[in-house]
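Trainee: Take a look at the following structure, please.
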Amino acid sequence: MLLLLLTNTIQAQQLPEFSLKDLEYNLRSFEDLKGEQLTLFDFWATWCKPCRKAIPELNKIYETYQERGVEIIGVNCDGPRSTAKVAPMARSLNIQYPVLLDINSDLMNEMNLANFPTLLAVNSKGKVVYVHEGFALGDEVEIIEAIDDLID
């Protein structure tokens, strides 16, 4: 019940304005990167084993849905001492989509997120319309169904 209530609260949220650095240390915002129809935010950390399982599936989703107006943005929430691990891990997992660095977890905290990975689907107006916490193989089916329901 509490998880359902928390998920509904997150879904009712508007994405705050933000600027985070990407892996090349360029400041990027939602407006810079958003998809035409939908933007998926994947909040993850290098030490998170479920995150490592989710990323290859998100790569497949990105390849399938990018042409249909869906963008994915990886938001890495490793702390300052671990940021050196992010770019090598992104390369080793062959992340196809932009990765932003939320070094102090400011965006994650502002969105009241507590678990890794957490996937948020945000519509073109910046409203959170879907939330998926955690990841186990097979969860990609539910995520794909949600995307299909949310886009034209």
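Trainee: Limited to the range 131-149, what total is found for residues that are in contact with a His (Cβ under 8 Å, 6 or more places away or on another chain) and acidic (D, E)?
Mentor: The qualifying residues number 2.
Trainee: Identify the residue in the range 60-76 that is more than 16 Å from V131 (Cα to Cα) and within 12 Å of the chain's Cα centre (by Cα) and, among all such residues, is most open to solvent (accessible area, probe 1.4 Å).
Mentor: Applying the filter and picking the extreme gives Y62.
Trainee: Only residues that are under 15 Å from C51 (Cα atoms), in a loop (DSSP other than H, G, I, E, B) and either of a type in the set (S, T, Y) or modelled with pLDDT of 95 or more (or both): list them for the range 116-137, please.
Mentor: Selection gives F116, P117, G134, F135, A136.
Trainee: Any chance you could count how many residues in the range 114-152 are open to solvent by 10 Å² or more (accessible area, probe 1.4 Å) and more than 17 Å from P56 (Cβ to Cβ)?
Mentor: Qualifying residue count for the region: 17.
Trainee: Now for a different question. Checking S105 against (1) at pLDDT below 95; (2) open to solvent by 60 Å² or more (accessible area, probe 1.4 Å); (3) small (G, A, S): exactly one of these is not met. Which one?
Mentor: The single condition S105 does not satisfy is (2).
Trainee: Right, another one. Go through the range 62-96 and count every residue that is within 20 Å of I144 (Cβ to Cβ), out of contact with any strand residue (DSSP E or B) (no Cβ under 7 Å at 6 or more places or on another chain) and assigned to a helix (DSSP H, G or I).
Mentor: Adding up the residues that qualify gives 6.
Trainee: Shifting gears a bit: Which residue pairs have Cβ atoms closer than 7 Å, lie 6 or more positions apart in sequence or on different chains, and pair a first residue in the range 22-46 that is more than 19 Å from D149 (Cβ to Cβ) with a second residue that is assigned to a helix (DSSP H, G or I) and of a type in the set (K, R)?
Mentor: T46/K85
Trainee: With the requirement that a residue be open to solvent by 10 Å² or more (accessible area, probe 1.4 Å), part of a strand (DSSP E or B) and in contact with a Phe, Trp or Tyr (Cβ under 8 Å, 6 or more places away or on another chain), what does the range 17-47 give you?
Mentor: S29
The values are calculated or read from the model by the stated rules, or taken from the named source; none is laboratory data. This is a predicted model, so every value here is computed, not measured. Glycine also receives a Cβ, built like all others from the backbone with ideal geometry; neighbour counts cover every protein chain displayed. When the accessible area is computed, the model is the full protein with side chains, heavy atoms only, and any ligands, DNA or RNA have been set aside. Shrake-Rupley method; radii C 1.70, N 1.55, O 1.52, S 1.80 Å.
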